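A.B. asks: Dropping the structure in here first, questions after.
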C-alpha cells in the first residue's frame, strides 16, 4: 500500500519515522509542515488541509499522528464511498494507540491498523461491529481475497444479519474462472460453501454470499463478491527471458497472497512493446499486454504523486514505469505491491477499485 503519514509535533514525527522504517514492504511518505524538522527527508506542506486533500486521492492509506478531531475535520470534505475511500488511521503522537477510522474492511484499514500497532508496540483500536464480535464480515473477506462486494447496500444487510445472529450461506459460481482457487481458500478458512449456478444463487431462500464473475446479479438476499482486476506493471532489461519475468511476477503475486492466475493484464512503457519476453509471458497467461507512451505515464505520475527515477526519465521521458503503467489500466487503483526490483525486472501490482 501507498501510505501518507502526517505528523504535527516532534514526538509525532519520531513515531512517524519509526513507522516508516518498520513498514519496509510498503511505500510510505511522511508529510511535515514547512519549517519543521528540516533535516528529515519528507514531503512538505504549508496548509495541512491542502496536503490531505491531495493525498486523499493519491494514496491507499492516510495515517495521522495527531488528535482524532483534527483528522476527522481534514478528511470530512472528501468522503465519497466505503468502496473507494482510502483507509484512514489515527495514532497518538507517542504511538500508544492506533485507531482504524475509515475504510476498515474494503479499504484494508483494520488489517493495516493491526500491522501499524505491531510495528509501534501500540494497542490497535478497531470499532467495526463484526470485528468486535469476532464475526467474519463478507466485505472483509472480499478485501482479503481481492474481490469486490456488490451491490453496496447488501453489505449492510449481510453484516446486520450477522450481528443479529443469522447465518450466511456461501456459494461459488460453478462457471467462475478461478472457482477451484477460491474453493481451496474458503475450505482453508473453514467456511462451508456450495458450487451452484447463478440461477440457483438468485433463487436461494436464505442470505447468500456468492463468489462470481458476474457482478450484475441482483437479489434482495444476495451479495456478490466479484474478482477485482489485478494489473501487473512491469519493466525489464532488454532481452530478458519469459521465464525470468514469470518468476519475478510469480514472486510478486506471492508477496500479496495471490496466485499468478489472479493477474488480469500486464502493462509497461511503449518502448517495451516489442519485448519478446513480456509478450510471451502475456501469451502464456492468456492475458492482454498494454503499453503506454511517456506522456500517459507522466499523467499518472502527477495524479498519484509517484516517485520518479531520474535515470528512467532520461531513458524514456517518464520517471516511473511499473506503477504508472499499471495505474493507466484502471479508472481508480490501489497499489497492492509498490515497485519492487528483481535481478532483471521490476514489478508493481495494482488492484482496480
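A.B. asks: Among the residues that make up segment 54-62, is at least one of them assigned by TED's automatic domain parsing to the domain that holds residue 14, exposed (fewer than 13 other Cβ atoms within 10 Å of the Cβ) and part of a helix (DSSP H, G or I)?
C.D. replies: The first filter runs over segment 54-62 and keeps only residues assigned by TED's automatic domain parsing to the domain that holds residue 14, leaving 54-62.
Applying the additional criterion that residues be exposed (fewer than 13 other Cβ atoms within 10 Å of the Cβ) yields none.
So far as segment 54-62 goes, no, none of its residues is assigned by TED's automatic domain parsing to the domain that holds residue 14, exposed (fewer than 13 other Cβ atoms within 10 Å of the Cβ) and part of a helix (DSSP H, G or I).
A.B. asks: Could you list all residues from segment 98-120 that are in a strand (DSSP E or B) and within 13 Å of residue 15 (Cα to Cα)?
C.D. replies: Step one: filter segment 98-120 for residues in a strand (DSSP E or B), giving 98-102.
If the condition is that a residue be in a strand (DSSP E or B) and within 13 Å of residue 15 (Cα to Cα), then 98 is the only one that fits.
A.B. asks: Could you grab me the full set of residues in segment 280-298 that are part of a helix (DSSP H, G or I) and either within 19 Å of the chain's Cα centre (by Cα) or under 20 Å from residue 229 (Cβ atoms) (or both)? Don't jump to the end; show me each part of the working.
C.D. replies: Keep residues of segment 280-298 that are part of a helix (DSSP H, G or I), which gives 280-285, 294-298.
Within segment 280-298, 281, 282, 283, 284, 285, 296, 297 qualify.
A.B. asks: Would you check which residues across segment 79-97 are surrounded by fewer than 15 Cβ atoms within 10 Å (Cβ to Cβ), within 27 Å of residue 351 (Cβ to Cβ) and either touching a strand residue (DSSP E or B) at 6+ places or on another chain (Cβ under 8 Å) or modelled with pLDDT of 95 or more (or both) and list them?
C.D. replies: Selection gives 79 alone.
Residue-wise test of (1) more than 29 Å from residue 340 (Cα to Cα); (2) part of a helix (DSSP H, G or I); (3) at pLDDT below 95.
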position: 210; (1), (2), (3): yes, no, no
position: 214; (1), (2), (3): yes, no, no
position: 217; (1), (2), (3): yes, no, no
position: 231; (1), (2), (3): no, no, no
position: 253; (1), (2), (3): no, yes, no
position: 257; (1), (2), (3): no, no, yes
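A.B. asks: Here's something else I'd like to know. Residue by residue through segment 322-349, note down the ones that are surrounded by fewer than 19 Cβ atoms within 10 Å (Cβ to Cβ) and not in a loop (DSSP other than H, G, I, E, B).
C.D. replies: 340, 341
A.B. asks: A follow-up question, please. Out of the residues in segment 237-271 that are free of Cβ contacts under 8 Å to residues at least 60 places away in the same chain and more than 26 Å from the chain's Cα centre (by Cα), state the one that is surrounded by the fewest Cβ atoms within 10 Å (Cβ to Cβ).
C.D. replies: 239
A.B. asks: Suppose the filter is touching a helix residue (DSSP H, G or I) at 6+ places or on another chain (Cβ under 9 Å) and closer than 22 Å to residue 136 by Cβ; does residue 120 pass it? Spell out how you get there, then give the answer.
C.D. replies: On the way: touching a helix residue (DSSP H, G or I) at 6+ places or on another chain (Cβ under 9 Å): yes; closer than 22 Å to residue 136 by Cβ: no.
Against the criterion (touching a helix residue (DSSP H, G or I) at 6+ places or on another chain (Cβ under 9 Å) and closer than 22 Å to residue 136 by Cβ), residue 120 does not qualify.
A.B. asks: Taking residue 113 and the conditions (1) surrounded by 24 or more Cβ atoms within 10 Å (Cβ to Cβ); (2) touching a helix residue (DSSP H, G or I) at 6+ places or on another chain (Cβ under 8 Å); (3) modelled with pLDDT of 95 or more, which numbered condition does it fall short on, given that it satisfies the others?
C.D. replies: Here residue 113 clears every test but (2).
A.B. asks: Here's a follow-up. Within segment 219-236, can one find any residue that is surrounded by fewer than 15 Cβ atoms within 10 Å (Cβ to Cβ) and outside the structural domain of residue 181 (by TED's automatic domain parsing)? Reasoning before the result, please.
C.D. replies: Restricting attention to segment 219-236, the residues satisfying the condition of being surrounded by fewer than 15 Cβ atoms within 10 Å (Cβ to Cβ) are 220.
Subsequent filtering for residues that are outside the structural domain of residue 181 (by TED's automatic domain parsing) retains none.
No.
A.B. asks: So, one more: With respect to residue 95, is the statement that it is under 30 Å from residue 182 (Cα atoms), assigned to a loop (DSSP other than H, G, I, E, B) and in contact with a helix residue (DSSP H, G or I) (Cβ under 6 Å, 6 or more places away or on another chain) true?
C.D. replies: Values: under 30 Å from residue 182 (Cα atoms): no; assigned to a loop (DSSP other than H, G, I, E, B): yes; in contact with a helix residue (DSSP H, G or I) (Cβ under 6 Å, 6 or more places away or on another chain): yes.
Criteria not met by residue 95.
The values are calculated or read from the model by the stated rules, or taken from the named source; none is laboratory data. Keep in mind that this is a model prediction, so the values were computed, not measured. Cβ atoms come from the backbone with ideal geometry, glycine included; neighbour counts cover every protein chain shown.
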